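Participant: I have a structure here, written as structure tokens, and I will follow up with some questions on it.
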Amino acid sequence: DVKVTQSSRYLVKRTGEKVFLECVQDMDHENMFWYRQDPGLGLRLIYFSYDVKMKEKGDIPEGYSVSREKKERFSLILESASTNQTSMYLCASSFGDRGYEQYFGPGTRLTVT
Amino acid sequence: QQQVKQSPQSLIVQKGGISIINCAYENTAFDYFPWYQQFPGKGPALLIAIRPDVSEKKEGRFTISFNKSAKQFSLHIMDSQPGDSATYFCAGASGGSYIPTFGRGTSLIVHP
């Protein structure tokens, strides 16, 4: 079974803090993704990576950065957290030629106060 | 620009009824249409998918119908059960980008 794990289920941070969200997958997938999920807005792609040290902007990259130093690990960084970044963050991974078949982690509920 | 429009946003069905979720897409390059199911507190999981050369695909109680000329596809859940209560996302993807474009989701509640 593919397993995608995320470092925290719930996280509470203060405005202006630097926030790291970690994601690890155990299936040797080439592609990894970060989404945020908000009611009524569905899944919005923040960043994705198709290889180690490679990254591409998604639909809403502003205020976020990512890091992929190892194939199995993809980190999302909020350089200076703001209240409008309060959301559910979902990590996903997939094989290189099957990006549409994504395996999601359980999500991190981030609250910025 | 919303490339995959999904409706309804929420749906309430009685146990044993048929749940129908509709999606429409704009990008004619899409050649793969997956549906994801998300239970509360979990990440989405791939449920069923269809390619445009097929008009219908059935897996158990779940059926995807596809209308290429209308650029529409739908998910039918027959004999809906309370355990089907979840959020459902449709999506379109093309082999070139490998990345699905998701609809905004439908929250389904099946009453016992």
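The values are calculated or read from the model by the stated rules, or taken from the named source; none is laboratory data. What you see is a predicted model; the values in this text were computed from it and never measured. With ideal geometry, Cβ positions are generated from the backbone for all residues, glycine too; neighbour counts draw on all protein chains shown. Side chains are part of the model used for accessible areas, which takes the heavy atoms of the whole protein and leaves out ligands, DNA and RNA. Shrake-Rupley method; radii C 1.70, N 1.55, O 1.52, S 1.80 Å.
Participant: Just to confirm my numbers, what's the Cα centroid distance between segment A:88-113 and segment B:15-90 in Å?
Facilitator: If you average the Cα positions of each part, the centres end up 20 Å apart.
Participant: Report the charge-dipole magnitude of chain B in Debye, nearest 20, computed about the Cα centre from +1 at each Lys and Arg Cβ and -1 at each Asp and Glu Cβ. Before the final figure, lay out each step's value.
Facilitator: Working: 10 positive and 7 negative charges, 21 e Å.
That gives chain B a dipole magnitude of about 100 debye.
Participant: Here's something else I'd like to know. About the Cα centre of segment A:4-98, how large is the charge dipole given +1 on each Lys and Arg Cβ and -1 on each Asp and Glu Cβ? Please answer in debye to the nearest 20.
Facilitator: Working: 14 positive and 14 negative charges, 54 e Å.
Magnitude of the dipole: close to 260 debye.
Participant: With the dipole of segment A:4-98 worked out from charges on the C-beta (+1 for Lys and Arg, -1 for Asp and Glu) around the Cα centre, which of A:Gly63, A:Thr83, A:Ser8 lies farthest toward the positive end?
Facilitator: A:Thr83
Participant: Now for a different question. Which ³J(HN,Hα) values in Hz, rounded to whole numbers, follow from the phi angles of segment B:41-53 under the Karplus curve 6.51 cos²θ - 1.76 cosθ + 1.60, where θ = phi - 60° and Gly and Pro get x?
Facilitator: x, 10, x, x, 9, 4, 9, 6, 8, 9, 9, x, 7
Participant: Accessible area of segment B:16-112 with a 1.4 Å probe: how many percent of it is carbon plus sulfur? Please report the intermediate quantities before stating the final value.
Facilitator: Working: 2160 of 4190 Å².
That fraction is 52 percent.
Participant: Measure off 7 Å from each Cα along the Cα-to-Cβ vector at B:Asp31 and A:Glu56, then give the distance between these two points in nanometres to one decimal.
Facilitator: 1.6 nm
Participant: Still on this model: List, in order, the whole-Hz ³J(HN,Hα) value for each residue of segment A:32-40 obtained from phi through the Karplus relation with A = 6.51, B = -1.76, C = 1.60 and θ = phi - 60°; use x for Gly and Pro.
Facilitator: Computed from phi, the couplings for segment A:32-40 are 9, 9, 10, 10, 10, 10, 10, x, x Hz.
Participant: If you only keep lysine pairs separated by 8 or more in sequence, or across chains, how many in chain B come under 21 Å at the Cα atoms? Don't skip to the end; give the middle numbers.
Facilitator: On the way: B:Lys5/B:Lys57; B:Lys5/B:Lys68; B:Lys5/B:Lys71; B:Lys15/B:Lys58; B:Lys57/B:Lys68; B:Lys57/B:Lys71; B:Lys58/B:Lys68; B:Lys58/B:Lys71.
Counting lysine pairs in chain B gives 8.
Participant: Excluding same-chain pairs closer than 8 in sequence, count the lysine pairs in chain A whose Cα atoms lie under 25 Å apart.
Facilitator: For chain A, the number of qualifying lysine pairs is 17.
Participant: Once you charge only the Cβ atoms, +1 for Lys and Arg and -1 for Asp and Glu, what is the size of the charge dipole of the protein assembly as shown about its Cα centre, to the nearest 20 debye? Walk me through the numbers on the way to the answer.
Facilitator: Numbers: 26 positive and 23 negative charges, 92 e Å.
Charge dipole, the protein assembly as shown, about its Cα centre: 440 debye, nearest 20.
Participant: From the gyration tensor of the Cα coordinates in the protein assembly as shown, what semi-axes in whole Å does the equivalent ellipsoid have, largest first, with each one equal to sqrt(5λ)?
Facilitator: Values: eigenvalues 176, 82, 48 Å².
Taking √(5λ) for each Cα gyration eigenvalue gives 30, 20, 15 Å.
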